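Let me begin by presenting the structure, written as structure tokens, before commenting on it.
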Amino acid sequence: YSGTKDINYFKEAEQLQRALGIDKAINRIECFDISNIQGTDNVASMVVFQYGKPAKGMYRTFKIKSVEGEPNDFASMKEVVKRRYSRLVKDQKPLPDLIIIDGGKGQLSAALEALNELEQEEPVFKLSERDIIGLAKKREEIYLPNKSDPILLSRRNEGLFVLQKARNEAHRFALTFHRKLRAKRSISSNIDKLSGVGKVRRKLLLDHFGSFDKLKEASLEDLMQVPGLGKSQAQAIFTSLNNPAQN
């Protein structure tokens with residue numbers, strides 16, 4: 001794995017290895033989180049840490065396909081974990097040393113279902129039980145596969161810091177992506193109400209102004225500066241924007 005090695009990280013990683021009972025070095029971590037509001041704009045994030053540092057170029061976001069309209073974090077987690085590691089197996093890329101699932105027993109079980117299914121489909125795919133954990137935020141319980149009781153580490157345990165950093169970053173990244181999609185959907189909905197705006201023009205306006213608030217403030221001259229938008233189209237949109245019935 002590429003990445004700058006941090007001497008302090010090795011001390012943290014050793015504590016984490018002992019706590020989890022992992023024999024091998026934990027150099028690369030992948031962490032997953034789910035974000036939605038009552039099942040809408042269902043998304044997931046995966047962040048990568050190498051030698052304790054975020055490898056942002058390797059981050060991934062996912063739009064959940066199997067769940068919509070209901071908050072089902074278990075099904076969402078199963079989907080995204082399987083998609084991620086199906087891709088790694090297909091591309092013959094190395095697996096992480098540790099997978100962190102944001103959540104407790106339910107989320108971890110869903111992720112394990114995905115990995116078990118993948119192992120059945122891809123006989124070369126192997127993942128020892130100790131390579132994946134769930135991290136529940138309320139008390140920072142660490143759940144291991146096939147273990148009923150969680151591990152509770154001291155809040156000062158440096159191994160716990162490693163897990164928290166990855167989990168918090170995955171949460172931030174998922175929330176940012178979720179908010180972006182929600183804002184885009186809201187903007188698109190408002191623009192669709194305007195006279196003379198279809199799919200192509202909606203994209204032109206979104207790309208140019210970035211938000212519906214900025215579009216509402218646009219003058220006729222501003223609208224005429226939008227690439228691909230003609231004078232008559234700009235006039236129609238300007239009139240629609242300034243029609244009280246549209247606001």
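The values are calculated or read from the model by the stated rules, or taken from the named source; none is laboratory data. For clarity, every value in this text was computed on a predicted model and none was experimentally measured. So basically every Cβ, Gly included, is an ideal-geometry build from the backbone, and we count neighbours across all protein chains shown. For the accessible areas, the whole protein counts, side chains as well, though only heavy atoms, and no ligand, DNA or RNA atoms are used. Shrake-Rupley method; radii C 1.70, N 1.55, O 1.52, S 1.80 Å.
Taking a sphere under 12 Å around the Cβ of GLU169 and counting the other residues whose Cβ falls inside, with K and R at +1 and D and E at -1, yields a net charge of +2.
Across the chain, Cα pairs under 8 Å and at least six residues apart give a relative contact order of 18 percent. The string of couplings for region 208-218 from the Karplus curve (6.51, -1.76, 1.60, θ = phi - 60°) is 7, 9, x, 8, 5, 4, 5, 5, 4, 7, 5 Hz, one whole number per residue in order, with x for Gly and Pro. Taking 0.36 nm per residue of separation and subtracting the current Cα-Cα distance, fully stretching the chain between LYS199 and PHE10 would add 62.8 nm.
Computed 3J(HN,Hα) for region 95-101, one whole-Hz value per residue from the Karplus formula 6.51 cos²θ - 1.76 cosθ + 1.60 where θ = phi - 60°, is 7, x, 6, 8, 10, 10, 9, glycine and proline marked x. Peptides 149-157, 232-240 ranked from most to least packed give 232-240, 149-157, packing being the mean of other C-beta atoms within 10 angstrom over each peptide's residues. The string of couplings for region 81-88 from the Karplus curve (6.51, -1.76, 1.60, θ = phi - 60°) is 5, 5, 4, 4, 7, 4, 5, 4 Hz, one whole number per residue in order, with x for Gly and Pro. Highest average first, the peptides 70-82, 197-209 ordered by how many other beta carbon atoms sit within 10 Å of their residues are 70-82, 197-209. Per residue, the chain exposes an accessible area of 55 Å² to a 1.4 Å probe, with every protein chain left in place. Distance between the pseudo-spin-label points of THR40 and ALA75 (7 Å out from Cα toward the beta carbon): 1.9 nm. Across the accessible surface of region 1-105, with the other protein chains kept in place and a 1.4 Å probe, carbon and sulfur atoms take up 48 percent. Straight Cα distances below 18 angstrom link LYS24 to the aspartates and glutamates ASP6, GLU12, GLU14, ASP97, GLU129, ASP131, GLU158, with same-chain residues fewer than 8 positions distant left out. Peptides 158-170, 218-230, 18-30 ordered by packing proxy, namely the average of other Cβ atoms within 10 Å per residue, highest first: 158-170, 18-30, 218-230. Please compare each pair in LYS65/LYS105; LYS65/LYS180; LYS63/LYS203; LYS137/LYS214; LYS56/LYS137 to a cut-off of 29 Å on the Cα-Cα distance and tell me which ones are over it. The answer is LYS137/LYS214.
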